[in-house]
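Asker: Following this message is one structure expressed as structure tokens.
The values are calculated or read from the model by the stated rules, or taken from the named source; none is laboratory data. A quick note: this is a predicted structure, and the numbers were derived from the prediction, not measured. When we count neighbours, we look across all protein chains shown, and the Cβ atoms used for this are built from the backbone with ideal geometry, even at glycine. Remember, those area values only see protein heavy atoms, side chains included, never the ligands or the DNA or RNA. Shrake-Rupley method; radii C 1.70, N 1.55, O 1.52, S 1.80 Å.
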Amino acid sequence: MIAPHSSATPAARPAVRKAVVPAAGLGTRFLPATKATPKEMLPVVDKPAIQYVVEEAAAAGLEDILMVTGRHKRAIEDHFDNAFELEQALAAKGDTVRLDAVRDPARLADIHHIRQGDPLGLGHAVLCARHHVGNQPFAVLLGDDLIDARETLLSRMLEVREAHAGSVVALMEADPEQIHLYGCAAVEPTDEEGVVRVTGLVEKPAPGTAPSRYAVIGRYVLDPAVFDVLERTPPGRGGEIQLTDALQDLAAGGTVHGVVFDGLRYDTGDKADYLRTVVRLACARPDLGPEFTAWLKEFVADLEDDEADGRDGHRAA
Ligand code: G1P
């Protein structure tokens, strides 16, 4: 069925249907775990990190997802494919719960894979998606940033794209000591709550030079105009072609907005944050949460006792 169409400007804009998930990084921060396993496949409770990202895109209505992978990333393709023998074995046992868990990833969306070839940076990974995306707006979701499933950040960004056209980035206020780890945006307010105009962007500013406290987090809704800009974007910070640099070009033309997010975001690219993410999500799970939370409280109480006794907290748990 063809959806009714109004000729009013916002509704006439092409809806965003496709998402790009760059997943070609080497995952060096998690070695040796990532020697033979892609970092995107590290489990967060009992699902690989990248499944949460695909679930988020699907929940926002994006039905076509392109993974931009590299060498040694076959496990990602297998995860989002059918697993015939496993499914047969579970079906024969009548284990419908696990059968659904195995089938779910392949049912989330129409998932495609291409390879980046040369690891030339995030901007280059996005450029690799050009042929698949075509001349349509599209979303980009970075796998290291998990946004809690109860949040609606991506849907809000899609609304802002529909209202204003151009490109939209997700921004979060960061501690001034942390901002050099992110792309950073110079912004001006708009009359819309939580929406800013982005006037400039800088990738990982040197300490003391950040234009604001607004960090770009790993969600973008991009106008296809970004592809032409990426084609001519030279290597930037770290010798890589940076998406932030291409967006700076678009921001100078006044076509980039930011959605300010203050909800639950987990950075699974950092070891300590990865551990915090697993604990938080395990506590929130109805099947695991009650038992795990009770254990966690006891564990923390024991640690506190040990600390008070001057011991180092290494006890069997
Ligand atoms: C990338 C982007 C950076 C952004 C960050 C969000 O950096 O280049 O602008 O702030 O993701 O997680 P990376 O963390 O991949 O070095």
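Asker: Of 79, 257, 131, 72, which has the most accessible area with a 1.4 Å probe, and how do the rest follow in descending order? Kindly include the intermediate steps, with their values, before the conclusion.
Answerer: Values: 79 45, 257 10, 131 175, 72 130 Å².
These residues rank, largest area first, as 131, 72, 79, 257.
Asker: Suppose all protein chains stay in the model; what accessible area per residue would a 1.4 Å probe give for the chain, in Å²? Could you put the intermediate results ahead of the total?
Answerer: Values: 17010 Å² over 317 residues.
Per-residue accessible area for the chain comes out at 54 Å².
Asker: Leaving out same-chain residues fewer than 8 places away, which lysines sit with a Cα under 20 Å from that of residue 47?
Answerer: 35, 39, 73, 271
Asker: A further question follows. Whenever you get a sec, compute what percent of the accessible area on segment 240-295 sits on carbon and sulfur atoms (1.4 Å probe). All intermediate terms of the calculation are to be shown ahead of the outcome.
Answerer: Details: 1570 of 2770 Å².
Carbon with sulfur: 57 percent of the solvent-accessible area.
Asker: Note down the relative contact order for segment 209-284 as a percent, whole number, built from C-alpha pairs under 8 angstrom at least six residues apart.
Answerer: On the way: 27 pairs, mean separation 11.0, N = 76.
About 15 percent, as a whole number.
Asker: Looking at segment 230-312, which trypsin sites (Lys or Arg not before Pro) are DSSP coil and have at most 13 other C-beta atoms within 10 Å of their C-beta?
Answerer: 232, 311
Asker: So how far, in whole Å, is the C-alpha centre of segment 244-276 from the one of segment 21-57?
Answerer: Between the Cα centres of segment 244-276 and segment 21-57 lies a distance of 18 Å.
Asker: Another question, then. What percent do you get for the relative contact order of segment 58-175 when only Cα pairs under 8 Å and 6+ apart count? It would help to have the intermediate numbers written out before the result.
Answerer: Details: 81 pairs, mean separation 35.6, N = 118.
Across segment 58-175, relative contact order equals 30 percent.
Asker: 222 nm [θ] for the chain, helices only, -39500 (n - 2.57) per DSSP H run of 4+, per residue, to 500? Present the calculation step by step, with values, prior to reporting the outcome.
Answerer: Details: 12 runs with 117 residues, N = 317.
Mean residue ellipticity, 222 nm, calculated: -10500 deg cm²/dmol.
Asker: On full extension of the chain, what length is gained from residue 307 through residue 270, given 0.36 nm per residue of separation minus the C-alpha to C-alpha distance? If you can, show how the numbers build up before the last one.
Answerer: Values: separation 37, 0.36 × 37 = 13.32 nm, distance 2.64 nm.
Full-extension gain reported as 10.7 nm.
Asker: Counting Lys and Arg as +1 and Asp and Glu as -1, what is the net charge of the other residues whose Cβ lies under 10 Å from the Cβ of residue 230?
Answerer: Residues near residue 230 contribute -2 overall.
Asker: DSSP loop (so not H, G, I, E, B), at most 16 other Cβ within 10 Å: list which trypsin sites (Lys or Arg not before Pro) in segment 89-170 pass both filters.
Answerer: Working: sites: 93, 98, 103, 107, 115, 130, 150, 156, 161; in loops: 150.
When the trypsin sites (Lys or Arg not before Pro) of segment 89-170 are filtered for loop state and at most 16 Cβ neighbours within 10 Å, 150 remain.
Asker: Further question on the same structure: List the relative contact order of the chain as a percent without decimals, with contacts defined as Cα pairs under 8 Å and 6+ residues apart. It would help to have the intermediate numbers written out before the result.
Answerer: Working: 545 pairs, mean separation 60.7, N = 317.
Computed over the chain, the figure is 19 percent.
Asker: Hey, another quick one. Take the chain, compute every pairwise Cα distance, and split them into 20 Å bins from 0; I just need the percent in each bin.
Answerer: 29, 55, 16, 0
Asker: Of the beta bridges DSSP finds with both residues in the chain, what % are antiparallel, to the nearest 5?
Answerer: 55
Asker: Another question, if that's okay. So, in Å, what gap is there between the alpha-carbon centers of segment 291-310 and segment 73-147?
Answerer: 39
Asker: Let me ask something else about it. Helix 49-59: angle to the longest alpha-carbon principal axis of the chain, degrees 0 to 90, nearest 10?
Answerer: Once rounded, the angle reads 50 degrees.
Asker: Okay, next question. Restricting to DSSP loop positions (anything but H, G, I, E, B) with no more than 15 other Cβ atoms inside 10 Å of their own Cβ, which GluC sites (Glu not before Pro) remain in segment 180-274? Don't skip to the answer; put the middle values down first.
Answerer: On the way: sites: 192, 193, 203, 231, 240; in loops: 192, 193, 240.
Hits after loop and neighbour filter: 192, 193.
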